[in-house]
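Worksheet for the structure shown next.
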Amino acid sequence: MEKPNLDYIKTLAGGESSFEARLINIIRTELPEEISVYNRHLDEGQLDLAAQSVHKLKHKISILGMTKAYELTVTYEEELKIGNSGKADRFREVLDSMSRFINDLNL
């Protein structure tokens, strides 16, 4: 499975470590909340709302340099909109990978 990385964040920060740390802290704060909202919507069968949550999470997937996961997410978001949650397990693997990565960062 593809691994998250900080390449894009480092590029955005342009070598400014304080800006890099702020971006990472934003992701560290927002990611668990967004995952929780997504899980709630999915568990309640509110697939249209789950699709909205996936849309928000898609941006963090991109920021963490996960291009293949991003492609999966684009497809999954569209499938949720038409009532298909078949890619939920694969998407869960992406979310778990991101969560572990962000939580393991030492800043």
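The values are calculated or read from the model by the stated rules, or taken from the named source; none is laboratory data. Please read these numbers as outputs of a predicted model, since none were measured by experiment. For neighbour counting, all protein chains shown are included, and Cβ atoms are generated from backbone atoms with ideal geometry for every residue, glycine included.
Contact map, region 31-46: residues that are farther than 20 Å from N84 by Cβ paired with residues that are among the charged types (D, E, K, R), Cβ distance under 7 Å, separation 6+ or inter-chain. Pairs shown: L31/K60; E34/K56.
Only one of the listed residues (V74, V37, V54) is touching a Phe, Trp or Tyr at 6+ places or on another chain (Cβ under 8 Å) and modelled with pLDDT of 95 or more. That residue is V54. Number of residues in region 30-48 that are surrounded by fewer than 15 Cβ atoms within 10 Å (Cβ to Cβ), on the phi < 0 side of the Ramachandran plot and either among the small types (G, A, S) or touching a Leu at 6+ places or on another chain (Cβ under 9 Å) (or both) equals 3. Scanning region 1-14 for residues that are loosely packed, with under 14 Cβ neighbours inside 10 Å and more than 18 Å from R100 (Cβ to Cβ) yields a total of 3.
Scanning region 75-96 for residues that are of a type in the set (D, E, K, R) and assigned to a helix (DSSP H, G or I) yields E77, E78, E79, K81, D89, R90, R92, E93, D96. When region 15-29 is filtered for residues that are closer than 15 Å to P4 by Cβ and either among the charged types (D, E, K, R) or surrounded by fewer than 12 Cβ atoms within 10 Å (Cβ to Cβ) (or both), the ones remaining, listed by number, are E20, R28. Flag: G15 does not match the condition of being outside any helix (DSSP H, G or I), in contact (Cβ under 8 Å) with a residue 12 or more places away in the chain, closer than 23 Å to L105 by Cβ and not hydrophobic (A, V, I, L, M, F, W, C). Among the residues of region 47-64, is any under 15 Å from F101 (Cβ atoms), in contact (Cβ under 8 Å) with a residue 60 or more places away in the chain, part of a loop (DSSP other than H, G, I, E, B) and within 12 Å of the chain's Cα centre (by Cα)? Yes, the conditions are met somewhere in region 47-64.
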